[in-house]
Structures are given as structure tokens and as C-alpha cells.
């Protein structure tokens with residue numbers, strides 16, 4: 001597709017379960033970003049990939065969060081043992097080789113019950 | 001540290017009235033600045049960007065923004081608001097530690113008929 005695609009668009013999960021969120025960036029974009037948008041917290045940067053490599057994972061909120069990117073394309077954000085405070089909209093963005101202009105997907109709304 | 005401040009959490013304007021949304025940034029060098037719009041349940045759409053040059057930039061949907069270095073501001077304006085402009089607006093600066101965007105907390109715009 002022409003834009004950044006995220007799936008699922010909505011996810012409701014029980015506390016303690018693991019979830020996987022997927023991001024398919026714009027073709028040819030080597031840079032990929034994950035952000036979290038929580039009520040009252042604004043947009044929080046989580047992790048950046050250049051190609052398949054994420055040089056710094058310090059933005060991930062806890063060790064329950066992990067992310068990977070394969071083939072320089074699709075990325076998955078995994079949250080293990082979900083907690084209610086993980087409820088948020090998770091946004092993915094991509095850009096050309098880390099250029100400043102990032103294009104965002106529609107987001108995945110995660111609700112932990 | 002770099003930061004973005006949007007002083008107004010919520011603004012209501014009448015349809016047809018003019019609009020100005022405020023944004024102040026803190027950044028050491030020449031900033032790359034952005035305004036994004038988010039409609040309910042949607043991702044972020046880029047309205048306009050400033051990299052260099054002319055300090056008055058034009059964007060989509062009739063929006064413009066003016067970069068004022070002396071005031072560290074990048075305010076968004078529209079001469080005549082339409083009901084479809086009701087959304088949340090985010091100002092951002094490029095320059096996080098991993099080339100990520102740093103966002104303000106957003107301004108929610110409501111439009112009265």
C-alpha cells in the first residue's frame with residue numbers, strides 16, 4: 001500500500017496476556033519509529049529502527065516491551081504480560097533513511113482489561 | 001533537553017472564525033518543526049513543516065504557520081475554520097536522541113456551528 005499500515009487496528013486483551021502489534025512501513029523507507037499515545041501523556045517515543053537495527057532500546061517503558069524488524073521492512077512490537085497501564089494507542093511511523101519527515105500509520109488501540 | 005509546549009489544551013472557535021494554535025519549542029540549533037493533525041480514531045497527518053528559508057510556511061487544508069526564532073514559536077493559523085477542522089493538533093520538533101520527533105501534548109480544537 002501507499003501508506004504505513006498497522007494491524008490490528010484495535011486489540012482488547014486480558015491482563016497478563018502477551019500481544020503483538022505489527023507495522024508495515026512505506027516501501028523504501030529504511031527508518032521506522034514506534035510511539036505510544038496515552039491519555040494525558042501525549043506522544044511518547046519508544047524505539048527507532050534503521051534497517052533491521054535498533055541501536056538504543058532505552059525508550060521502551062519496561063523489559064516487558066520488545067521490538068524487532070526483519071528484512072528492513074515489517075516491524076513487530078511485543079508486549080509481554082500486559083498490564084492496564086499499557087492501554088494506549090501505539091503509533092508507527094516511517095521515513096526515508098532517518099529523514100525528519102515521518103509518515104504515520106493509523107495506530108493500534110490497545111485495551112488491557 | 002529539547003521540548004515542545006502547546007499552552008492550550010482545548011480551544012473552541014466558531015465556524016468561519018480565524019484560528020491560531022500556539023507552539024513553543026526548546027531546541028539548541030535551527031529546528032525542524034512540524035504540525036500534525038489527528039482526527040478521532042486516526043493516525044497523525046502532516047499539515048506542514050519548516051526546515052529552513054521562508055519563515056511563513058503553507059500547508060494543506062488552508063493552514064499556515066510562522067516560525068519566529070526570537071520567540072521560539074511556531075504557531076499554526078487558519079483564516080477561516082471549517083467544521084471538519086475539529087481534531088487534535090500536535091506540534092513537533094525533530095531532534096530526539098535517535099532522530100525521533102518530540103511532540104507537544106496537543107491542542108484539541110472544537111468548532112461551533
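What follows draws every value from the coordinates through simple rules; no lab data is involved. A quick note: this is a predicted structure, and the numbers were derived from the prediction, not measured. Heads up, the Cβs are rebuilt from the backbone with ideal geometry, glycines too, and the neighbour counts pull from every protein chain shown.
Counting neighbouring Cβ atoms within 10 Å and putting the fewest first, the residues A:34, B:83 line up as B:83, A:34. Residue exposure proxy: A:29, B:82, ordered by other Cβ atoms within 10 angstrom of their Cβ from fewest to most, comes out as B:82, A:29.
Going by neighbour counts of Cβ atoms within 10 Å, the residues A:39, B:47, B:109 line up, fewest first, as A:39, B:109, B:47. The Cα trace of region B:47-113 gives Rg and Dmax of 13.2, 43 Å, the first to one decimal, the second as a whole number.
Contact order, relative form, for chain A: 38 percent (alpha carbon pairs under 8 Å, 6 or more residues apart, mean separation divided by residue count). Determine the distance separating the Cα centre of region B:1-71 from the Cα centre of region A:15-84; give it in Å without decimals. Region B:1-71 and region A:15-84 have Cα centres spaced 26 Å from each other. Mean sequence separation of contacting Cα pairs (under 8 Å, at least six apart), scaled by the length of chain B, corresponds to a relative contact order of 37 percent. Modelled spin-label separation between residue A:81 and residue B:61, with each label point placed 7 Å from Cα along the Cα-to-Cβ direction: 4.2 nm.
In this simple spin-label model, placing a label point 7 Å from the Cα along the Cα-to-Cβ direction at both residue A:113 and residue A:10 gives a separation of 1.1 nm.
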